[in-house]
1. Does the stretch 100-117 hold any residues that are touching a strand residue (DSSP E or B) at 6+ places or on another chain (Cβ under 6 Å) and closer than 16 Å to Ala178 by Cβ, and which are they?
2. Would you check which residues across the stretch 78-99 are outside any helix (DSSP H, G or I) and either at pLDDT 95 or above or touching a Lys or Arg at 6+ places or on another chain (Cβ under 8 Å) (or both) and list them?
3. Considering Pro56, Pro41, Pro4, Pro74, which residue is loosely packed, with under 15 Cβ neighbours inside 10 Å and either over 17 Å from the mean Cα position of the chain (by Cα) or at pLDDT below 95 (or both)?
4. Filter the stretch 90-105 for residues that are among the aliphatic types (A, V, I, L, M) and surrounded by fewer than 20 Cβ atoms within 10 Å (Cβ to Cβ) and give the result.
5. Could you list all residues from the stretch 167-198 that are of a type in the set (Lys, Arg), surrounded by fewer than 19 Cβ atoms within 10 Å (Cβ to Cβ) and at pLDDT 95 or above?
6. Give me the residue from the stretch 134-159 that is of a type outside the set (A, V, I, L, M) and under 19 Å from Gly103 (Cα atoms) and, out of that set, surrounded by the most Cβ atoms within 10 Å (Cβ to Cβ).
7. Among (1) more than 17 Å from the chain's Cα centre (by Cα); (2) modelled with pLDDT of 90 or more; (3) not acidic (Asp, Glu), where does Tyr246 come up short?
8. Exactly one of these conditions fails for Ala164: (1) at pLDDT 95 or above; (2) over 16 Å from Tyr111 (Cα atoms). Give me its number.
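The values are calculated or read from the model by the stated rules, or taken from the named source; none is laboratory data. Only a predicted model underlies this, so the values are computations on that prediction, with no experimental measurement involved. Counting neighbours? That spans all protein chains shown, and the Cβs are built from the backbone with ideal geometry, glycine included.
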Amino acid sequence: MPLPPLVQARIEAIRNNRTSGAADLTAEAAEALVLAAEIAPHTIDEAAREIAAAQPLMAPLVNLGRAVSAAKDPRTAAREFVSRMREAALRVAENGAKLIRSGDSVLTHSYSSAVLQAFLAAHAAGTRFRAVCTESRPLCEGAALAAKLAGEGIETVLIPDAAAASLLRECSLVLVGADAVSPRGVANKMGTALIAMAAAALHVPMYALCSSEKVLPPDYELPPEPAKDPREILAGLVPNLEVRNYYFEWTPIEYITGIVTEATTAIPGHPDPRVRTGVTERSPKE
């Protein structure tokens, strides 16, 4: 069933967006669904499927689509979903900030709005710490995060991605975002798994911050991520050289100390009882 051109154009904008996080993309997706409901209500289900496929590793788009498709009033459902997600993000930031102690060096990877807000909340509460940000190639969104934190008066260090394991020896905590959470693990920017393994080897606690809208439905399996433009890695073509450019990967749950969301209950269907939502307090040994 073809979508109205205006709706299709909004979905293509979501598909081609390489810099916005899940929260902003979810807001854009909600407006696309509202538009579909207003001009072609019979296309809501198709629009929801195409939106989920546009950014296949972002769980909120899946959950938004399901909520809107099942609702009697899709427009209200879409807007309420975004509102709940924004309110939850505030509580996630509050919970994440509780993990940061004065004197900590906290490493983060990529650009997570949840991590940003947790840093700002901790700083506003008077906690003095140092943020260590990877540059997060190929788009270097981590450099943008570092600049924003420094601008807020937070002591910040920007490092190459390849230096993460070395700098972890100076860190007491790792905080990252998540685009999806499932029994399989945490989906986040490429490079997160290596940081998680290094953190586990060095006994540095690592938490993923995300609202519960990023927990995938138990019956849903994310499709493979399409490869991105190889020119982001290497500008010119070289004979016999294949360039693989992917933005996301799964980090196995056993390398994550905890998942921090707005709630305090275990993740439904999760096989590991250690992994709970809400804030998990750091022990004195950490």
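1. Leu107, Thr108, His109, Ser110, Ala114, Val115
2. Pass one, the stretch 78-99, residues outside any helix (DSSP H, G or I): 98-99.
Once the filter is applied, which keeps residues that are outside any helix (DSSP H, G or I) and either at pLDDT 95 or above or touching a Lys or Arg at 6+ places or on another chain (Cβ under 8 Å) (or both), the stretch 78-99 yields only Leu99.
3. Pro41
4. Pass one, the stretch 90-105, residues among the aliphatic types (A, V, I, L, M): 90, 92-93, 97, 99-100.
Leu90, the sole residue that qualifies.
5. Our first condition is that a residue be of a type in the set (Lys, Arg); within the stretch 167-198, this holds for 169, 184, 189.
Checking which are surrounded by fewer than 19 Cβ atoms within 10 Å (Cβ to Cβ) leaves us with 169, 184.
Scanning the stretch 167-198 gives a single hit, Arg169.
6. If we filter the stretch 134-159 for residues that are of a type outside the set (A, V, I, L, M), which is where we start, we get 134-138, 140-142, 148, 151-153, 155-156.
Remaining after also requiring under 19 Å from Gly103 (Cα atoms): 152-153, 155-156.
Details: Glu152: 14, Gly153: 9, Glu155: 13, Thr156: 18.
Out of the qualifying residues, it is Thr156.
7. (1)
8. (2)
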